[in-house]
Structures are given as C-alpha cells and as structure tokens.
Amino acid sequence: MIDRKEEMNRILSGKSEEETDTSFLKDMQRVFLRGLAIVIPVVITVWVLWFLFQFVDGIASPFYRRIGLDIPGLGFITAILLILLLGTFSRYLAVKFFFRTLERIFLNLPLARSVYSGARELINAFSPGGKGSTFKEVCMIEYPRKGVYSVGFITNELNYEKEDGTKQRLSNVYIPLPPNPTTGMLALVPSDEVIHLSITVEQGLKLVLSAGIVTPTDFSINKLK
C-alpha cells in the first residue's frame, strides 16, 4: 500500500523514477560534503596537536623515567602545562626578552638560521591579516598542464635577466598541498600569466585546507590587476 502511495505521488509530481534517484543522490552528496567540511578542520587540528604533544612527550617521558617517575600520560600533561605557561607568561617583558635573545642566537648560526627563518616565515604566512603575513594575494596558474588550473599564493616578485639582456618580471607562487599546507611547491611564473583572484588570503587558505570543499561565495578574476 505504501509503495502504491509513493508511486502515485511520483506520478503526480511529474518526476520519473530515474529523476527521483538522481535527486536523492544529489541530496546525499550535499550532506556528505557538509560532513566533510566539519570533519576536515577537526582532523587537521587534532593532527597538529597530536604531533606537538608527541614531540614534548618524547622529551619529557625519558626524563621522568630517569628520576623514577614512570606514569603513563605524564608527558602529555607536561605538554599541556607547558603550552599554558607559555601563553600565560608570553605577555611579560622577561619572557619576550628571552625568546628574542634565543631568536638572535638562532639567526647567528649558519645552519640554524636557514631552518629557523624559513620556519618562522612559513608560520607567519599562515596567519592571514597579520603583520608578518608573507602571502600577498591569491592567484591561479596553469599547472600541471594547459587548461588545468592550480590555486596558489603570491609571496613575492623578482626580475629575471635573460641571456639576451632583457628582463622578465616573475611572480613567486607557492602552491600548498592539502590537507597540510606547509608542504607544497614554489613556481616562478611570468607575472603576465598569473591570474589574480578577487578573494582574500584567508578565503584562499580555507579553500586549500578543505581540499576545495569550502569555497567562497564569489570566485572571479581580480580586474584591478
């Protein structure tokens, strides 16, 4: 009886069985994508925190065992307390002076200077709107082939001097790889071939971090460029 009623409703609505199935699949796809949009940021956050806690635990746990404290989870608790202490005392001049001194030491060591400055710039790059942000603009380039576009971030520009003495303006475009944007590739693209997008850096980061699931409402070429 229920099947007859559903059949009558379908006939009265003018939809075929195939159209009904397609509509159901589209609804399921939208629900699934909404679920992914919620899960992916949570997974990335948990992954970063887990990596941080594992790092601190790997240092703290051997120390505790050496002094006779072999309590499961003690290194994890130490990591939480350490982060809370740093956040609490980061406002004090003495702590700021300590970290600035430590920073100067790193910057004066040849190998450490390259690693530390690169890591610092990369961290600043993923702080949209901050003074240290190195991502200037969101763009698209034709990569990995003509007709296929990759979303990237313009970090800088430079002049390339060719063999004939002429100079060409190049844009440094960083293409992050989701879900971990700290891994990616750098492409030096002729500036006139870069497609500038009219979205903010924060919107571009959301687009990349969500693997294209979280997209801005307006996505067009920046005609001011």
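The values are calculated or read from the model by the stated rules, or taken from the named source; none is laboratory data. Since we're looking at a predicted model, the values are computed, not measured. Please note: Cβ atoms are built from the backbone with ideal geometry, for glycine as well, and neighbour counts cover all protein chains shown.
For this structure, a couple of remarks:
- Listed conditions (1) exposed (fewer than 12 other Cβ atoms within 10 Å of the Cβ); (2) at pLDDT 70 or above; (3) over 30 Å from residue 212 (Cβ atoms) are all met by residue 56, apart from (1).
- Checking each residue in the range 187-225 for being over 18 Å from the mean Cα position of the chain (by Cα), among the hydrophobic types (A, V, I, L, M, F, W, C) and in the same structural domain as residue 145 (by TED's automatic domain parsing) picks out 188, 189, 194, 195.
- Number of residues in the range 187-212 that are closer than 11 Å to residue 170 by Cβ and part of a strand (DSSP E or B) equals 4.
- Taken together, the criteria exclude residue 101 from residues that are in the same structural domain as residue 47 (by TED's automatic domain parsing), part of a helix (DSSP H, G or I), modelled with pLDDT of 75 or more and of a type in the set (S, T, N, Q).
- Residue within the range 63-71 that is under 30 Å from the mean Cα position of the chain (by Cα) and exposed (fewer than 13 other Cβ atoms within 10 Å of the Cβ) present: no
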